[in-house]
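What follows is a short report on a single structure.
The values are calculated or read from the model by the stated rules, or taken from the named source; none is laboratory data. It should be emphasised that the depicted structure is a prediction, and the values quoted were computed from it without experimental measurement. Glycine gets a Cβ as well: all are built from the backbone with ideal geometry, and neighbour counts include every protein chain shown. Please note that ligands, DNA and RNA were not included when accessible areas were found on the heavy atoms of the full protein model with its side chains. Shrake-Rupley method; radii C 1.70, N 1.55, O 1.52, S 1.80 Å.
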Amino acid sequence: MTAARSHDGPGPLRRAGRATGRALRSPFTGTARGIRKATHAHGAGESGLGKLIELHAVNGAGDVMITVALASTVFFSVPTDEARGRVALYLAITMAPFTLLAPVIGPLLDRLPHGRRAAMAGAMLARALLAITMSGAVATGGLELYPAALGVLVSSKAYGVVRSAVVPRLLPPKFSLVKANSRVTLAGLLATGVAAPIGAGLQAIGSAWPLYGACAIFIAGTFLAFTLPHKVDSAKGERRARLIDPHGEEPVPPPAPKPRGLRKDGLRKDGLRRNGEKPAKERPPGLRSVGGSVFHGLQANAAHRALSGFLIFFLAFLLREHPIAGQSAAVSLAIVGVSAGVGNACGTAVGAWLRARGPEVIIATVLGLALGTAVLAAVFFSTAAVAALGAVAGFTQALSKLSLDAMIQRDVPEEVRTSAFARSETLLQMAWVVGGGIGIALPLNAVLGMSVAAGILTLGAATSVRGLLGTARRGTPHPRVA
């Protein structure tokens, strides 16, 4: 009987159980296979870029969980006046020290070229531990919450700096940097959109639950960081780049060929050059020394990033005090937030489609578009104008950043490119901090706020557009990368 039963195969109950299990697993395994297929397409799986895309999605999901917990504690749980004081305290305790620490992040990470995977894993693990630490203070909003929030912010930006430096080493064949960055950024945006409602649902269970979720996500990210290829930790041929070269904006000319009869260093036996002059000291490479386009592109992007920080804080309080007609404060903020997110995703998609051809013109154009929209929002302030400004700000910031990435790839020598990404990202984060500080300090007057937004963009246009268009007219001595 036993032998016959074994030949007949499993019984009907076992077969039904297996079929039910496959049916229950199918949506999850099918989704996982679909995600893996998308992230590993066009050679991204072989180069390792697919792993970085997945890691960045995990990073975005964890960050939004912490954001939900902090926003509910610092902003939504108290009256407007008290919330404004709490946010000001948050800025003072977290953002101000970060402004001082930000310039140190890039140089510090430059010293860890052989430990980039460990650095990203450490940033993930630090946020997992800090999320657990914050879970005890999030309900009361005590002062111990703010140092932990500062640690989360620093760890998040340290991850971002290392990620920017890693992308060039994971490019698939015939893959541009702007396309790679657009894929990574889009993955983070999609993960944020999926995790935000999950975080809101966990918040309904308890104020600490989004932080528990963030801890679990960041622990998974810690292990995922070590699955990146070993070439991420390679620093062969790299040098550090300085942000500003005080000697000017002209490209450093290549060394002249050594005349015959001279030593290898071009000197005579008496230490002088053939014409009797003392040898000039080699200029350290900087973002200006490779041409003005990168520096002016960085100025324009700083204006976009400052506008982003300003709108986040100013509109948060403005719409809470004066919600969109017929809507609650939470719904009003959600409308503007979704508009900005959709605009950011569209800008990322358009950036990949354009392949950043003529990036100087693209940056100048989107800066003018954002400025025009801000002026219209100041003159004709309305619900539609606020939503349009949020969407345009997200769109132009994404497209401008992708164009800046393309210029860095094109103009910055390979041996200093990763360091240049680290320094530029640090400067852009500082611009966001400045914009956020202005937003929290400004009176809640809609027309005044939109005028300040237009003023931020006007300053960015005044310092960058002329240089960008001039560089575009003259052309670049460096080959363009499609």
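Pull out the extension gain between residue 459 and residue 174, defined as 0.36 nm times the separation in residues minus the alpha carbon to alpha carbon distance; nm, one decimal.
That pair, residue 459 and residue 174, stretches by 98.9 nm at full extension.
Mark the label point 7 Å from the Cα of residue 473 along Cα→Cβ and return the residues of the range 428-466 whose backbone N is within less than 12 Å of it.
Once the point is set 7 Å along Cα→Cβ of residue 473, 466 turn out to lie under 12 Å by backbone N, inside the range 428-466.
Going from most exposed to least, what order do 212, 146 have by accessible area with a 1.4 Å probe?
212, 146
From largest accessible area down, sort 342, 331; use a 1.4 Å probe on the protein chains.
From most exposed to least exposed: 342, 331.
Would you check the accessible area of residue 381, probe 1.4 Å, heavy atoms only, in square angstrom rounded to 10?
Surface accessible to solvent at residue 381 totals approximately 80 Å².
Along Cα→Cβ, 7 Å out, is where each label goes; now give me the distance between the ones at residue 466 and residue 451 in nm to one decimal.
Taking the two extended label points, one gets 2.6 nm.
What do you reckon, how do 209, 353, 432 stack up by accessible area (1.4 Å probe), largest on top?
These residues rank, largest area first, as 353, 209, 432.
If you stretched the chain out fully between residue 442 and residue 223, how much longer would it get, using 0.36 nm times the residue separation minus the C-alpha to C-alpha distance?
Full-extension gain reported as 74.5 nm.
Pop the C-beta distance of residue 118 and residue 198 into the FRET formula with R0 = 41 Å and round what comes out to the nearest 0.05.
0.90
Give me the accessible area of residue 400, 1.4 Å probe, in Å² rounded to the nearest 10.
Spelled out: residue 400, probe radius 1.4 Å, area about 0 Å².
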